[in-house]
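What follows is a single structure, written as C-alpha cells, with notes after it.
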Amino acid sequence: MRLFMRRRGEAGPALDASRALADLVRTTLSLEEEATVSVSEISCGDPACGGAETVVLVMRPGRRTEAAKVLMPMAQVTPEALLAALRPLMPGEAGVSTGLSEGAGRV
C-alpha cells in the first residue's frame, strides 16, 4: 500500500488517524495496489468545519485525481462521515463531497 502525504516530523495521533483513514478509503473504494491515497488536514474558513477539514485525494493510474472532503478535523472523522464523503467516488457516482452534503465535480 502506498500513502502519499505527511508533513516532515508529523507523528503520533495525527499519523495514526491519517493511516487509519487511508486504509478505510482503500477498503471502501476497493482500490488496486497501484492507487495512491492522500489524507490531509487543512485550515477551513467555513464555521461548519470547526477550523479544520479533512481532504482525501484518490489517485488511480490512468484516471483523473478524485477528491473528497469531510468538514471536520482528521481526528474527529468517523467511518460514517468518511463513507458519506466517498460516496461520489464510488462506481456510478461523480463528484466531490464534503461528507455532510451532496456535491459535484472532479479535481
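The values are calculated or read from the model by the stated rules, or taken from the named source; none is laboratory data. A quick note: this is a predicted structure, and the numbers were derived from the prediction, not measured. Ideal geometry is used to build each Cβ from the backbone, glycine not excepted, and the neighbour counts take in all protein chains shown.
Only residues that are at pLDDT 95 or above and of a type outside the set (Ser, Thr, Tyr) were counted in segment 34-59, giving 9. Cβ-Cβ distances below 8 Å connect the following pairs, each with a first residue in segment 18-29 that is among the aliphatic types (A, V, I, L, M), a second residue that is crowded, with 18+ Cβ neighbours inside 10 Å and assigned to a helix (DSSP H, G or I), and a separation of six or more residues or different chains: Leu21/Met74; Leu21/Leu82; Leu24/Leu82; Val25/Leu82; Val25/Leu86; Leu29/Leu86; Leu29/Leu89.
If we keep just the residues of segment 60-69 that are surrounded by 11 or more Cβ atoms within 10 Å (Cβ to Cβ) and out of contact with any Leu (no Cβ under 6 Å at 6 or more places or on another chain), which is nearest to Ser18 (Cα to Cα)? Spell out how you get there, then give the answer.
First, pick out the residues of segment 60-69 that are surrounded by 11 or more Cβ atoms within 10 Å (Cβ to Cβ): 60, 65-69.
Narrowing the set further to residues that are out of contact with any Leu (no Cβ under 6 Å at 6 or more places or on another chain) leaves 60, 69.
Numbers: Arg60: 19, Lys69: 14 Å.
So the residue we want is Lys69.
Among the conditions (1) out of contact with any strand residue (DSSP E or B) (no Cβ under 7 Å at 6 or more places or on another chain); (2) modelled with pLDDT of 95 or more; (3) not acidic (Asp, Glu), Ala20 misses just one, which is (2).
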